[in-house]
Amino acid sequence: QVQLVESGGGLVQAGGSLRLTCAASGRTVSTLGWYRQAPGKERAFLASIIWSTGKTFYADSVKGRFTISRDNAKNTAYLQMNSLKPEDTAVYFCAAPAGGSWQNGYWGQGTQVTVSS
C-alpha cells in the first residue's frame, strides 16, 4: 500500500505561484504524478516523474509554467506552479500508478487551489 498526502494549496492571485507537496509513505513508488479536477470537469493529468531517474513528463497545458520534482530522501514530490491563471482553479491530486494504471493506483485526498482574477 501507498499513502499520499498533499499540502500547499490555497488562494492566490492570478500571476502568482504556489508549491504543492506530496508526501508518500508505505511501499516505494516508481512513478508519481499530479492531476487536477476543476468543477464540472474530468480529472486531468498534469505532470509525472520517474522516481529513480527524475525523468519528467508534462501536459501541454502546463508545460513551461509547472515543474514537478522530488526529494528522494524525504520521499516527497513537489509541483511548483508559476504564472497561475484563474482556469488553474481546481482540486489537485497526487497519484501513483498500480500495475501500470493511474486509475487503479493510489491517490491522495486532494488540495484546493483557487486562483483569483
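The values are calculated or read from the model by the stated rules, or taken from the named source; none is laboratory data. Note that this is a predicted model, so its numbers are computed, not measured. Every residue, glycine as well, gets a Cβ built from its backbone with ideal geometry; the counts of neighbours run over all protein chains shown. These accessible areas exclude ligands, DNA and RNA; they are computed on the full protein's heavy atoms, side chains included. Shrake-Rupley method; radii C 1.70, N 1.55, O 1.52, S 1.80 Å.
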What percentage of the solvent-accessible surface of the range 1-86, computed with a 1.4 Å probe over protein heavy atoms, is contributed by carbon and sulfur atoms?
48 percent
How high is the FRET efficiency between residue 37 and residue 74 when r is their beta carbon distance and R₀ equals 22 Å, given to the nearest 0.05?
0.25
In nanometres, what is the gap between the two model label sites at residue 1 and residue 101, each 7 Å from Cα along Cα-to-Cβ?
2.0 nm
Here the relative contact order (percent) of the range 1-71, from C-alpha pairs under 8 Å and at least 6 apart, is 21 percent
Can you work out the accessible area per residue across the range 1-42, with the rest of the protein chains kept in place, probe 1.4 Å, in square angstrom?
56 Å²
Cα-centred dipole magnitude for the chain, charges only on beta-carbon of K, R (+1) and D, E (-1), debye, nearest 20:
160 debye
Compute the length gained on full extension between residue 109 and residue 63: take 0.36 nm times their separation in residues and subtract their Cα-Cα distance, giving the result in nm to one decimal.
14.1 nm
Report, ordered by chain and residue number, the lysines lying within cross-link reach of residue 85, taken as a straight Cα distance under 17 Å and ignoring same-chain residues fewer than 8 apart.
41, 63
